[in-house]
1. Test of understanding: ordering B:Ser74, B:Ser42 by Cβ neighbours within 10 Å, fewest first, what list do you get?
2. In a Gaussian network model over chain B where Cα atoms closer than 10 Å are linked, find which of B:Ile40, B:Ile17, B:Ile103 has the largest mean-square fluctuation.
3. Quick one: the Cα spread of chain A along its three principal axes, in angstroms, biggest first?
4. So for the pair A:Ala181, A:Glu74, with labels modelled 7 Å out along Cα→Cβ, what separation do we get in nm?
5. Kindly state, to the nearest 0.05, the FRET efficiency for A:Lys140 paired with A:Ala120, given R0 = 25 Å and r defined as their beta-carbon distance.
6. When all C-alpha to C-alpha distances in the range B:22-169 are sorted into bins of 5 Å, what percent of pairs does each bin hold, rounded to whole numbers?
7. Test of understanding: ordering B:Met157, A:Met150 by Cβ neighbours within 10 Å, fewest first, what list do you get?
8. Considering every pair of different Cα atoms, what Kirkwood radius, in Å, is found for the range B:78-125?
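Any read-out appearing in this document is the output of simple, stated calculations on the displayed coordinates, not a laboratory observation. These numbers come from a predicted model, not from an experiment. Heads up, the Cβs are rebuilt from the backbone with ideal geometry, glycines too, and the neighbour counts pull from every protein chain shown.
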Amino acid sequence: MAESHGGAKGPAAGAHTEADGGHHGGGFPPFESSTFASQLVSLAIFFVLLYVIVSKLALPKVGGAIEARQNKIEGDLAEAQALKDQSEAALKAYEGELASARSRAQAIGNESRDKANAQADAERKALEEQLAAKLAEAEKTIASTRTTAMSNVRGIAADAAGQIVQQLTGVIPDAASVNAAVDASLKG
Amino acid sequence: MKIDPIHQFNIEPLFTIGHIGNQTIAFTNSSLYMLVAVAIISLLMLASGAQLIPGRLQSVAEISYEFVASTIRSTAGAEGMKFFPLIFSLFMFICVSNLVGIIPYTFTVSSHLIVTVGLALLVFFTVLIYGVAKNGLKFFSIFVPHGVPGYILPLVMFIEILSFFLRPVSHSIRLFANMLAGHIALKVFAGFVAMLGFSLGAIGWVGGVLPLALTVALYALEILVAFLQAYVFAILTCIYLNDAIHPGH
């Protein structure tokens, strides 16, 4: 193909403006039927080649890579979900354990407090009984002492009354009448 | 200075492979760029590793995979995944060869009608053969829309059948015409810059700024078109295959 004017070396890089050398008789190349057979044969060869490469090698490879990635992502998500479930279960178990421990501690506290209360009550009761017994004994002692003292007072009073009567009258009174008079005045 | 926007579409035989009848079958520049596209796709898909955490190249490969897969699922349903290799091959072949073709001085495979017709007919016959093999005569119920009154049904059926058989035409010409027109427009605007400069001197070079800016903008648009036409081709393939998989309208 002869270039007519030393070529187009203009700044428009996209342009190549060679003049047609007249090899094709000025016909319009896409409609030149003499080239059709060659083009169809090359198209058939290369398109079949491309189809075979695409269907046997390219698509399985790229599709496999995409699928592998998809599976990996799904697997990872499932694993993350499983781990999350696991940790949630652990948390729940921990909380359950905590609650039961707390309730057990409360029960133990209640029990020991009740026991301590009961013991204290029993001790107090025993002490009170002891004290009451001592008090009763002491009262009894006081009463007997008072009775003894009172009977001594009567004797002393009778003696004193006999002496007083003797001093005043010079007569020794009869003991029975003195006693009766003392008793009457003690009662009086 | 003459702009020749057609020259870039020339088919140059590089060496002869053989003969079919009186036709010479040559390995042409077009064949070379088909080979380049196949090589780039293979490299992208196979040499990009299969790591758990993808690198850049592997990300591109996986994005292409997911993109085509989701396109099929949304248009033809899960059953359409049967045709995943076909649609992936079509999409990647057209997309990569278009993107390679947009590099200056390269050749664009899909700027030739015979190539896009070949691909469109491949889709057409895949739909037809799979549709009939899977659904039997029920496949042809796609020509009979529901809820159409009896008296205009023949007309509607005629239109449906016509549109079915015109599918490969529109399917192929859409891609071909887009690529052809885009490349011609790019060439014309870019050539205009050089033409202004060489014929008018300094004033021409200054004046060439405008077409240059336009060329840059057009170039960006063509990159979009290169991808978009591949996507359109693939999604139309999905829609046509959906007819074969689910013939009820």
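1. On the way: B:Ser74 11, B:Ser42 17.
So the ranking, lowest neighbour count to highest, is B:Ser74, B:Ser42.
2. It is B:Ile17.
3. 201, 42, 21
4. 13.4 nm
5. E between A:Lys140 and A:Ala120, to the nearest 0.05, is 0.25.
6. 2, 8, 12, 15, 16, 15, 11, 9, 6, 4, 2, 1, 0
7. Numbers: B:Met157 15, A:Met150 10.
Ascending Cβ contact count within 10 Å gives the list A:Met150, B:Met157.
8. Computed over Cα pairs of the range B:78-125, the Kirkwood hydrodynamic radius comes out at 11.8 Å.
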